[in-house]
Amino acid sequence: MARKISMKQAINEALDQEMARDPNVICMGEDIVGGAGGDGEMDSWGGVLGVTKGLYAKHGDRLMDTPLSESAYIGAAIGAAACGMRPVAELMFIDFMGVCFDQIYNQAAKFRYMFGGKAETPVVIRAMVGAGFRAAAQHSQMLTPVFTHIPGLKVVCPSTPYDTKGLLIQSIRDNDPVIFCEHKNLYGFEGEVPEASYTIPFGEANVVREGRHCSIVTYGLMVHRALEAAATLAKEGVEVEIVDLRTLSPLDLDTVLESVTKTGRLVCVDEANPRCSIAADISAQVAMQAFGALKAAIEMVTPPHAPVPFSPTLEDLYIPSGAQVADAVRKTLKGGKH
Amino acid sequence: MAGKNPFPLTRDELLKCYRTMRTIREFEERLHIDFGRGDIPGFVHLYAGEEASAAGIMIHLGDGDRIASTHRGHGHCISKGVDVVAMMKEIYGRKGGACNGKGGSMHIADLSKGMMGANGIVGAGAPLACGAALAAKFRGKGEVAISFVGDGASNQGTFLESLNLAAMWNLPAIFVVENNGYAETTSRDYAVAVDSYVDRAAGFGLPGITVDGTDFFAVHEAAGEIIKRARAGGGPALLECKMVRFYGHFEGDAQTYRGPGELEDIRANKDCIKKFAAAVTGAGVVSAAELKAIGDEVLAVIEDAVKQAKAAPLPTAADLTTDVYVTY
Amino acid sequence: MQADHSNATPCIGVIANPVSARDIRRIVAYAGNLQIADRVNIVLSVLTVAGAMGVRRVLMMPDNGGIRAMLMRSLKREGNLHHAFPEVEFLDMDPTSTVDDTFLAARMMHAAGVKAIIVLGGDGTHRAAVRECADTPIAGLSTGTNNAFPEMRAPTVTAMAVGLYATGKLSAEQALAPNKLLEVSINEGQRHDIALVDAVISTDRYIGARALWKTESLAAIYLAFADPQAIGLSAIGGLLHPLGRREAGGHAMQHGGDPATRRLALRAPIAPGMLREVGIAHWEPMPADQPFPVALQAGVVALDGEREMAFSAGDHVRVTLRENAFTTVDVARCMHTAAREGLFRLSSSTL
């Protein structure tokens, strides 16, 4: 019987166990320790939301606080990876990718290909994603589609503490550059997590809930919105199947197609803005590959094409709700063939 | 006939450096011709005229030391020991090229020789070199990493951030600014508010030296002290090499931004290989005949490299999607 | 290039070297780095003060090391602010970013009849200016590494003194001082050059990165003067037997690297932050106009701290001290005279 820990603790444990196992694993980021150079205590933060707290006491200088220079230190993590280390760099908020994106998408993502298969860049870039924190437009985005679009990058976005620990360990051991997305609103969410170290392979979606009427394909926080919708719909006699993608690149399209073939209906739920989103990507792939199985038009549930607003009432309207997901499912049932 | 050698390099090292510089020069001159004929796809950015910088620095390095280069990377590749035939095949986009035809001129790399790649993004190599230096620090074997940038790249945020990062972490990272006076067509007099990269380094907390980049021995001595200091844990430094490039930003550049007579003047008066040859033959350490023999050998190597490149197979559709990932 | 010899438009020259204090002593010693921005500030101070003293025209050496570009930008900005500056004209020459620029600039300024040349640089720059400026007086500002030749002084004050002389408010007798130098001749003048402070024979046989700091390579040291407060190779003489700029004679010293031949061991500041033990086998006074032959068969002559002339077996190298060889503006004397004679008073005193 596994104990329950939060997603935040799962991340901390994954980092701790991997650093203990492999001396090549180093961590760097802004305030991942906290207090560097000052007169107060070290490890004063352990990351802006305390995710890495306690690691400095165990692993010392293998955790490095960085100056406010994303281009330089994300680039340095990438360069160190190309030289045989296994760095885990924290890009505090995925919204900051703009200031270092070249190093990620033109350098790390492309080394293996451009150098004819003769390079390995085993870097993990951890970043907080998602809205609901009242952090406003520049600290709340879900930029998964931007990274998923880039050949050479792997993109991971877990929804539970169990998936988080296993996928982070897998990310560290993986030999390609991985963007590891942590939803800031799930940090406190608790779930059963084994104490031992374990991995979860990339490219394997998780069927969180089985159902025969409609497939909901989603990831991250939206898995939980889908579960809320599922509970509501169950009272109406509608059983939805929920597929948690877990990794957006590589993508487990087979599980998605299997589900849609079974149910004939698809609702893609995505916290990213709708244009060129993961939802749009899945919808297109299903429409192309399982058109015949579809009994209704595909539905997407996403925020609007707008930045994340600050005011709590607006932000709550921005983020897709369980009710909106349920409505979308109902739409596929109403308008479809039987 | 050799006179007593007054230089701080052995006779063999001097010959090796001459061979390296001649190889770079003839490689680039040949590309200039073949590109003009339409044989070569894409863009090439030639290093001709800048050889003393690459040769004078790289003679101090081993395979465990790393360099991150620029879009004008052929000279760095050759002096770091990347195979010339593999380079030529790569520029021709062939299988068996240094990157199996997948990278081209701007992305030639050989990590086994510590060459972390020419780079199509100006200034992108500086953070990568900081990472290599960080890895070297963890390895603890006294290895160093060198970031080559140009006068143009010195304005990129990545470069400036890297100076700070290297200084605050005391990384064995060395920044070499190859100041040839032009960022594409734009003169450094316009683009760089204060044309001193040593000043920029000092501002960030690392010392710097300015040398005449067309003087192999000045580069060699300055680089030697900087690298020695970095290996011993003395931290980062900057070396500004003032130099000239003989060709344009890329091949096809008509260079109308040059002053009248400028190209003729630099070929005549600022040729680093001619200066090197005059110094070593003048001191009686090597003979003109020996240097000519090396030159002839180099030309033969280049000729053979072009032949092999033109004969090498082109990649096929099967190669299109390989090596995007290690595993997927 | 029009020469202007009239006192009606007093003209001075300014040679500001952008590459002094950029050499290897930043790595092997703790030498500082006077930034281009700081050098331009010095030039702006000098220009505006000279202008206030009545100098209408300044000839400047152009450079490709950042000073000219930043100065032009600064003068434009100063113009927007309506600050008064003399007319600045750059010499019509193509900078090569080598010491040849200073040689040429000094020649051209002399030919143009400037009243004095203000030099911003280290010992090497001053040496180069003196070599070619003939009888034009120079005034030195230290922006180099050791700065054994130029005296440490606020640029503003130097500009005031030069301004007094250039506008005729002080005569040559009042304002100028005579200086010694060392002449180095190889093979009876086939190659020759000068040094203002020290000519040092080194066993190194190549020019390389120029700066000389390795005391184990010293063979002989010839000094025009030896200030105990200086750093650099002349400090070896300065701490043994101080010799002033206006005193007769110089020093000739043989290095005693081998403890068997050394008669004295001395600790001296060779570069910023660098104290080194130096052995002396022999030293003697160096009277003016007497050539001293160099014993070392092959090596390099370093002039004012920089390796300049390589020589090998068969070359005859001779070093000769010359007195009254060139003039400098004696800023201290100028300012004292100016104060005594009330040259800066704007009204009569009722004190």
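The values are calculated or read from the model by the stated rules, or taken from the named source; none is laboratory data. Bear in mind that the values here come from a model prediction, so they are computed numbers and not experimental data. Here the Cβ positions follow ideal geometry from the backbone for every residue, glycine too, while neighbour counts run over all protein chains shown.
Data table
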read-out	value
Out of A:267, A:260, sole residue that is in a helix (DSSP H, G or I) and crowded, with 23+ Cβ neighbours inside 10 Å	A:260
First in region C:97-114 and more than 14 Å from chain B (Cβ to nearest Cβ), second anywhere and part of a helix (DSSP H, G or I) and acidic (Asp, Glu), Cβ under 7 Å, 6 or more apart	C:103/C:132; C:106/C:132; C:107/C:132
Pair list, Cβ < 8 Å and 6+ apart or interchain, from region A:246-272 residues that are within 14 Å of chain B (Cβ to nearest Cβ) to residues that are at pLDDT below 95	A:250/B:328
Residues of region A:222-256 satisfying the condition of being aliphatic (A, V, I, L, M), surrounded by fewer than 24 Cβ atoms within 10 Å (Cβ to Cβ) and within 20 Å of residue A:145 (Cα to Cα)	A:251, A:253, A:256
Residues that are in a strand (DSSP E or B) and either within 7 Å of chain B (Cβ to nearest Cβ) or of a type in the set (D, E, K, R) (or both), drawn from region A:78-105	A:86, A:90
Candidates A:196, A:205 - the one that is surrounded by fewer than 20 Cβ atoms within 10 Å (Cβ to Cβ) and of a type in the set (A, V, I, L, M)	A:196
Filtered residue count, region A:147-158, keeping only those that are away from chain B (no Cβ under 14 Å) and of a type in the set (Val, Ile, Thr)	0
Residue identified as touching a Ser or Thr at 6+ places or on another chain (Cβ under 9 Å) and part of a loop (DSSP other than H, G, I, E, B) among A:191, A:211	A:211
Set B:228, B:274: member being within 10 Å of chain C (Cβ to nearest Cβ), part of a helix (DSSP H, G or I) and not β-branched (Val, Ile, Thr)	B:228
Cβ-Cβ under 6 Å pairs, at least 6 apart or on other chains, region C:319-345 side within 22 Å of residue C:137 (Cα to Cα), far side β-branched (Val, Ile, Thr) and buried (at least 17 other Cβ atoms within 10 Å of the Cβ)	C:326/C:130; C:328/C:138; C:329/C:162; C:331/C:158
Count of residues meeting criterion [of a type outside the set (Asp, Glu) and assigned to a strand (DSSP E or B)] in region A:172-188	5
Qualifying residues in region A:37-51 (those that are among the small types (Gly, Ala, Ser) and over 23 Å from the mean Cα position of the chain (by Cα)) - the one nearest to residue B:169 (Cα to Cα)	A:37
Residue check, residue C:97 of a type in the set (Ser, Thr, Tyr), assigned to a loop (DSSP other than H, G, I, E, B) and at pLDDT below 95	yes
Among residues of region C:115-130, those that are closer than 18 Å to residue C:11 by Cβ and either outside any helix (DSSP H, G or I) or free of Cβ contacts under 8 Å to residues at least 40 places away in the same chain (or both), counted	6
First in region B:126-144 and more than 7 Å from chain A (Cβ to nearest Cβ), second anywhere and polar (S, T, N, Q), Cβ under 8 Å, 6 or more apart	B:126/B:147; B:126/B:156; B:126/B:158; B:126/B:162
Boolean, residue B:247 is touching a residue at least 24 places away in the same chain (Cβ under 8 Å) and either outside any loop (DSSP other than H, G, I, E, B) or within 28 Å of residue B:258 (Cα to Cα) (or both)	yes
Some residue of region C:62-76 being within 28 Å of residue C:182 (Cβ to Cβ) and at pLDDT 95 or above	no
Test: residue B:89 is at pLDDT 95 or above and touching a helix residue (DSSP H, G or I) at 6+ places or on another chain (Cβ under 9 Å)	yes
Residue B:202 part of a loop (DSSP other than H, G, I, E, B) and more than 20 Å from residue B:269 (Cβ to Cβ)	no
Qualifying residue in region B:44-51 (condition: out of contact with any Phe, Trp or Tyr (no Cβ under 6 Å at 6 or more places or on another chain), of a type in the set (D, E, K, R), more than 11 Å from chain A (Cβ to nearest Cβ) and under 25 Å from residue B:135 (Cα atoms))	no
Selection from region B:207-225 of residues that are more than 8 Å from chain C (Cβ to nearest Cβ), over 22 Å from residue B:262 (Cα atoms) and either free of Cβ contacts under 8 Å to residues at least 12 places away in the same chain or surrounded by 24 or more Cβ atoms within 10 Å (Cβ to Cβ) (or both)	B:219, B:223
Odd one out for residue C:307 among (1) under 30 Å from residue C:166 (Cα atoms); (2) in a strand (DSSP E or B)	(1)
Residues located in region C:310-341, provided they are hydroxyl-bearing (Ser, Thr, Tyr) and either in contact with a Gly (Cβ under 7 Å, 6 or more places away or on another chain) or under 30 Å from residue C:166 (Cα atoms) (or both)	C:327, C:328, C:337
Number of positions in region A:43-77 that are away from every other protein chain (no Cβ under 14 Å), hydroxyl-bearing (Ser, Thr, Tyr) and part of a loop (DSSP other than H, G, I, E, B)	2
Answer from C:105, C:116, C:69 - the residue that is within 17 Å of residue C:167 (Cβ to Cβ) and of a type in the set (A, V, I, L, M)	C:116
Tabulated pairs, region A:62-84, first in contact (Cβ under 8 Å) with a residue 12 or more places away in the chain, second of a type in the set (Asp, Glu) and assigned to a helix (DSSP H, G or I), C-beta under 7 angstrom, 6+ apart or interchain	A:71/B:161
Top-ranked residue of region A:106-146 - restricted to ones that are of a type in the set (D, E, K, R) and on the phi < 0 side of the Ramachandran plot, ranked as farthest from the other protein chains (Cβ to nearest Cβ)	A:126
Single condition residue A:34 does not satisfy, out of (1) of a type in the set (Gly, Ala, Ser); (2) more than 24 Å from the chain's Cα centre (by Cα); (3) modelled with pLDDT of 95 or more; (4) crowded, with 19+ Cβ neighbours inside 10 Å	(3)
